[in-house]
1. Counting other C-beta atoms within 10 Å, and keeping those with at most 16, which DSSP coil trypsin sites (Lys or Arg not before Pro) do you find in the range 111-219?
2. Between residue 123 and residue 91, what is the spin-label point distance in nm, taking each point 7 Å from the Cα along the Cα→C-beta axis?
3. Based on the alpha carbon coordinates of the range 122-257, what radius of gyration and maximum Cα-Cα distance (Dmax) apply, in Å?
4. On average, how much area does the Cα convex hull of the range 158-238 cover when viewed from any direction, in nm²?
5. Using a simple charge model, +1 on the beta-carbon of Lys and Arg, -1 on the beta-carbon of Asp and Glu, nothing else, what dipole does the range 1-146 show about its Cα centre, in debye to the nearest 20?
6. Over the C-alpha atoms of the range 1-129, what are the Rg and the largest Cα-to-Cα span, Dmax, in Å?
7. Please give the charge dipole size of the range 34-75, origin at the Cα centre, charges +1 on K and R Cβ atoms and -1 on D and E Cβ atoms. Round to the nearest 20 debye.
8. Need one number: convex hull volume per residue for the chain, Cα atoms only, in Å³.
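The values are calculated or read from the model by the stated rules, or taken from the named source; none is laboratory data. Given the structure is predicted, the values throughout are model-derived calculations rather than measurements. Positions of Cβ are backbone-derived with ideal geometry, glycine not excepted, and every protein chain shown enters the neighbour counts. Note: areas computed on protein heavy atoms with side chains; ligands, DNA, RNA excluded. Shrake-Rupley method; radii C 1.70, N 1.55, O 1.52, S 1.80 Å.
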Amino acid sequence: MLELRDISKVYSPGSVNEHVLFRHFNLTVEDGQFISVVGSNGSGKTSMLNLICGSIPADEGKIIINGKDITRVREHKRYRTIGRVYQNPAMGTCGNMTILENMAMADNKNRPYNITPGINRRRVAEYRAMLSELGLGLEDKLGVPVSNLSGGQRQALSLLMTTLTPIEFLILDEHTAALDPKTAEIIMQLTGRIVKEKKLTTLMVTHNLRYALEYGNRLIMMHEGNIVMDHADEAKQALKLDDILGKFNEISIECGN
């Protein structure tokens, strides 16, 4: 279980640009939930992910994972149990390393390298089998530098690498936004399969409302640092696109747009 308790976050405090994003914000994520997060620009979606991962600190409040307070735990230590896929496909992989080298590096997460070969040759056949399941032909390009791949291929590899070793939480930060529609569909199908097979607790920020409806068992909408819509299980399944658009229009009117 993941909990955000009474989180407050102010950007540029004391300046003319001071912006209060979160004030006593609360969210509980149950084990096994796949939450789609939608909201307008500046609503706090990505900032919430950054707080969970430790990329930015909370000014007040606590972040609890499985009963343990991780509020002051440094970012790199949080990634021992958290996997994150970013909007930019280049952020989840090392471009000047080959596919094989990238996968070997991901496979060694949380383990000491010591004085041993960086690549376990006994795992190569398994890497090839995993890549083959993607249907993108990557299994035949193990020696190719990742920088030579398309954005979709690189994002698929990033998703595979992120979930290669056991994690408790998967964070998806608009991970299809930079892709063309056809490739985005492939990545979303892969996402759904991996989350289901590995039973991952998942938070997915997306601007694609169809994906928000089709994937996951809970949907929340954020606005100005608050949750303004929260539907899970049957209530989420009953949601229609017009329901979400209606809420967006309501928010827009409240803001004077």
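1. Qualifying residues, ordered by number: 199.
2. It works out to 2.5 nm between the two label points.
3. 17.7, 61
4. 5.9 nm²
5. Around 420 debye, computed over the range 1-146.
6. Answer for the range 1-129, Rg first and Dmax second: 18.4, 58 Å.
7. Values: 5 positive and 4 negative charges, 23 e Å.
Charge dipole of the range 34-75: 100 debye, to the nearest 20.
8. So the per-residue Cα hull volume is 152 Å³.
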